[in-house]
Every structure is written in structure tokens, then in C-alpha cells.
Amino acid sequence: MDTERFRQILLEERDRVSLTVETLREASSGASLEEESGEEAFDNHLADSATATLNREIDLTLEENSEHVLSGIDEALERIENGTFGACSRCGKQIAEDRLEALPYATRCIDCQRLAERA
Ligand SMILES: [Zn+2]
């Protein structure tokens, strides 16, 4: 397998996800500043404020997911370094290359992933 190609994919993905995490962080810190300065808005627009809170929660979930993806990418890069990239962490078989192309930081083959999701 061409791990060098996957290393490039992972590094690009890592850049992209890092940027997303940063953007989300800036967005959520900006939103809380805005809310603190707008006391009137809090009283008069409860519905709006509830929506804003919900939006921020979605952002935070995204941020958590992105950080999860980021650590997955780092682990995949480590696996490239130590030569275990592409091996299923459960059964040890080679993960299908098309699956790795879609999800380069996958740790399980499709069969084990399905088993894990069913459990
Ligand atoms: Zn497996």
C-alpha cells in the first residue's frame, strides 16, 4: 500500500480540521462576548437567545467532533510511522483501501466496524 499517499491525505485533512476547530473557537468566544454586553437583548428576545444558545451547542459539538477527528488523524499518522497503518485494530486484517480513502483514520475494517456499531 502507498502509505505516503495516505500521509499526504491525512496531513491535508489535519490542516482542514485544525482550521475548523480554530474557526469554531473564535465563533463561540465571539458569541459569548456579544451576549454579555447585550443585557436588553436577553430580556426582549428570549426566543432569539435560546436559538443562539442552541447554535452554540451545535458549534461546541462540532468542535468536540473535530478534536476527536484530529486525534484520530494523529494516531493514523503514528501508525504510518510505525508501519501498522491500515491494519484493523480488532481482527488485524488489512482495511480495504477504498475505505481508507474515504476515512484515512479508520481503525477498523468494515466488518469489525459493523459489529461494533451493532453492539
Ligand atoms: Zn477487522
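Just so it is clear, none of the values below were taken in a lab; they were calculated from the coordinates. The structure presented is a predicted model; accordingly, all values stated were derived computationally and were not measured. Because the Cβ atoms are built from the backbone with ideal geometry, glycine has one as well, and the counts that use them run over all protein chains shown.
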Answer residue from the range 77-102, given it is surrounded by fewer than 14 Cβ atoms within 10 Å (Cβ to Cβ) and of a type in the set (A, V, I, L, M, F, W, C) and is nearest to Phe6 (Cα to Cα) among those: Ala102
Per-region count, the range 60-76, residues polar (S, T, N, Q) and surrounded by 13 or more Cβ atoms within 10 Å (Cβ to Cβ): 2
Criterion violated by Gly86 - all others in (1) under 30 Å from Glu22 (Cβ atoms); (2) within 9 Å of the ligand (Cβ to nearest atom) satisfied: (2)
Selection count where residues are aliphatic (A, V, I, L, M) and either under 13 Å from Leu10 (Cα atoms) or touching a residue at least 40 places away in the same chain (Cβ under 8 Å) (or both), scope the range 67-115: 10
Subset of the range 104-119 [away from the ligand (no atom under 13 Å from the Cβ) and either of a type in the set (Gly, Ala, Ser) or under 15 Å from Arg5 (Cβ atoms) (or both)]: Pro104, Tyr105, Ala119
